[in-house]
Amino acid sequence: MSQPKRGNAVPCYHCGEPSDPPVMAEGRTFCCNGCRLVFGILNENGLCSYYRLSDTPGTRQDDTPTNDRFAFLDKPAIAERLVAFRNGNQIHVTFPVPSIHCSSCIYLLENLHRIENGVQSARVDFLRKEVRIVFDKSMTTLRQVCERMASVGYEPAIHLDAMDRKAAKRPDRGRIRRIGVAGFCLGNIMLLSFPEYFSATITSEPKLVPFFRILLLSLALPVFFYSASEFFLNAWKGLRQKTVLIDLPISIGIIAMFLRSAWEVTSGTGPGYFDSMAGLVFFMLVGRKFQDFTFDSLSFDRDYKSYFPIGVTVSGRDGERVVSAYDLAVNDVVLVRNKEIIPADGILDGGSASIDYSFVTGESRPVAVAAGETVYAGGRQLGSAVKVRVTRRVTQSHITRLWSQGEYRKQPSRYQHLAHTISRWFVGATLAIATSAAVYWYVADPSRSLHAFTSVLVIACACALALSPTFTYGQMLRLLGRRKIFFRNNEALERLADVDTVVFDKTGTLTSCESLEVSSETGLNKEERMMVASLARNSTHPLSLQLAGSLGDNGNWMEVRDFREQAGQGVSGIVAGRYVKIGSGRFAGTPEKRLSDTGTYVNIGGKTKGVFHAGHAFRPGLESLAARLRGMGYRLSVITGDHERDRDRLAKIFGPQTDLRFNQSPQEKLDYVKSLQAKGHRVLMVGDGLNDAGALMQSEVGISVSDKVNNFTPAADGILDAGRLDRLAAVLRYSHSAIGLIRTGFLLSLAYNVVGLSFAVQGTLSPVVAAILMPVSTVSLVLFAVAASWIRGKQLVGT
């Protein structure tokens, strides 16, 4: 298969990334040895159909050795806590795999048994990005399975929080069963009741009529006592707390329909309203389940344990051993390899390190740390392995303080307050009207008294109060979810409509952590720029690679001799006969007065030639987003742990009136949100890192921006795919439109109740009319809510 060129480089056959320099194997071009090895594994096992299902389906492989990465799984205590089911030698486990993204991924993972002996089956849940594996422990081990998955580019994401659960999150099977029972009974009840709608008999044999009506009652019993129990329990809990919940009037309507219907059947006066009761219960349960589908595959409640590995390597007198991160003790010496997260606060035990704290502090530039200096949990080591002596246990580290601030309570949403207020009024008004009608007809015509009382309670059911927002927000969550904009629940969307202030984090939110841009203050000529690029190309440090890509000319690299890299300091070597150094100011020999905290300095031939500043690239569309938000009247703020080097650029993007704050700690971000709320503002916080977690939870609505929706998501009310950040203004408009749609639904419900009550109080509303009106009104309202939400969403959010 031929491979098209992209610019000056041929794309990798496995992952599609530019192959520079190319790695050749089997007549194909790869960008690195990792991709070549994956292809070799698949080729040896006859799995190259993987490449026919999708062009370049793989992901770029990390050349970091994985020999000991899963060594912690050899400890039975750790492995056992990941096992979902065990039957003799057969083991069932479920792993989240964030890199699943296409049909080729499913094909490869579900053929895992062909490349790892002992694996009996593997099934992928694409929506949840999980794979369930069954293997024989007598033939392979949990560690070997994970290493094999990692070797082909699908490393399972195993973190500390996985130790707190025996299996993956299970769906609410109780509600699913209640929906199934209600749907089954509703279908059969409507089938048996159909002739009653046309004043016909159920059968040509009058003697069988009581039998079929008893059958209707029998079918209604499980709906009433089992399927509807959710509403009864919620209403009862509210009454015990002296609160009228929306489920109370719904419960009254269900009870009234059931008792009236049961009385009609047992007294032989009619078939009752069992079809209306079962239909109401079924639609309500489906509506509540409907809104769960969108975010069911996402984790919104992760805490600091989601970010740290389960096992860590401890170095001691007896050599190295793997222990659970929970078991780390003060003075333990932990080995932290390249790109691994530091699990606990400590001090660097010899050597030097380059720590990326962007996920903790927001500062995008790695920090150089010398022996004896403090390092903090949550930082990621870049470069060779280092040793850290633990000074605080995992649960006492600096990063966990964000999670010990107490509960961050959200203000009640507008709809919750409105619905509960209407419910209180509705219950009282319904009972008053029903009682008044019963008393009036008891005096005027006793035969109509009970009929009028129960008809009012049946026709005046408050189902629309719950159905309108349930289906409106359910459709909104579904539509937004398809566009990679996820919200925890409908309350988050409701609160979103109330915010008046938008606070942005910078690093990872307004900027992309996966791409860097380099600015320079140098006097380098073209040859010297190529010398710097050629030297930087020999390092695996992200900044070095970015320098090489920014300055270099593919295919014209210069030869580098005597290359040396000092971790956390810089690189040096001889290029074109001249000694070149790139790194920190002191490493490059820059005079003290010219030193900067954030620059990467260049020294050629013993002379400082200038400094490069590398930072994460700003995401596209920010200027138009800021303009739209200002036009909608929102107050804007940017608060970041990064330095002020982008102040001018941010002021240009967001406008001079925007509050820009730099060098902010996580606690200062939290305090800033609290200060805005103290002034009466309702805050939307948009962030990405663990350092934003306190502010995200404190704000009325917290939205996490993520380049990988299922990876590294802090606790938030919503998750926004980074590529959709420019649609934030449209999402805010959409949330405003929901309030109008819900109010329209309330008005339609009110109109229905007024018309129905006008007939019900007369005691002339027949069971046939009531049985038809109830489902027709319910279905009509559901169709309106779904259709209006879909149309409005297409107009505002687009595709």
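The values are calculated or read from the model by the stated rules, or taken from the named source; none is laboratory data. This one's a predicted model, so the numbers in the text were calculated from it and none came from an experiment. Note: ideal-geometry Cβ built from the backbone for every residue, glycine included; neighbour counts use all protein chains shown. Accessible surface is based on the protein model in full, side chains and every heavy atom, while ligands, DNA and RNA are left aside. Shrake-Rupley method; radii C 1.70, N 1.55, O 1.52, S 1.80 Å.
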Seminar exercise, completed: Subset of region 647-667, residues open to solvent by 30 Å² or more (accessible area, probe 1.4 Å) and more than 25 Å from the chain's Cα centre (by Cα), comes to R647, D648, R649, A651, K652, P656, Q657, D659, R661, N663, Q664
Exercise. Which members of region 642-681 meet the condition of being of a type in the set (G, A, S), free of Cβ contacts under 8 Å to residues at least 60 places away in the same chain, assigned to a loop (DSSP other than H, G, I, E, B) and more than 25 Å from A627 (Cβ to Cβ)?
Worked result: G680
For this session: Say whether the condition of being surrounded by 18 or more Cβ atoms within 10 Å (Cβ to Cβ), modelled with pLDDT of 85 or more, closer than 20 Å to R36 by Cα and not charged (D, E, K, R) is met by at least one residue in region 150-173.
Result: no
For this session: Say whether the condition of being modelled with pLDDT of 85 or more and of a type in the set (S, T, Y) is met by at least one residue in region 497-508.
Result: yes
For this session: Quickly run through region 645-658 and pick out the residues that are of a type outside the set (K, R) and closer than 21 Å to M685 by Cβ.
Result: D646, L650, A651, I653, F654, G655, Q657, T658
Problem set entry | Filter result for the condition that a residue is at pLDDT below 80, open to solvent by less than 10 Å² (accessible area, probe 1.4 Å) and part of a loop (DSSP other than H, G, I, E, B), over G585, G589, G610 | G585
Seminar exercise, completed: Given the conditions (1) over 23 Å from F282 (Cβ atoms); (2) at pLDDT below 75, every one holds for H736 apart from (2)
Seminar exercise, completed: Expected single match for of a type outside the set (D, E) and modelled with pLDDT of 80 or more among R537, R628 is R628
Problem set entry | Subset of region 592-607 that is crowded, with 21+ Cβ neighbours inside 10 Å and modelled with pLDDT of 75 or more - its residue that is farthest from the chain's Cα centre (by Cα) | I604
For this session: Among what's in region 774-799 and is of a type in the set (V, I, T) and assigned to a helix (DSSP H, G or I), pick the residue that is modelled with the highest pLDDT.
Result: I791
For this session: For A262, indicate whether it is at pLDDT 80 or above and either buried (at least 19 other Cβ atoms within 10 Å of the Cβ) or not in a helix (DSSP H, G or I) (or both).
Result: no
Exercise. Restricting the search to region 724-743, which residues are open to solvent by 20 Å² or more (accessible area, probe 1.4 Å), among the aliphatic types (A, V, I, L, M) and within 16 Å of A492 (Cβ to Cβ)?
Worked result: none
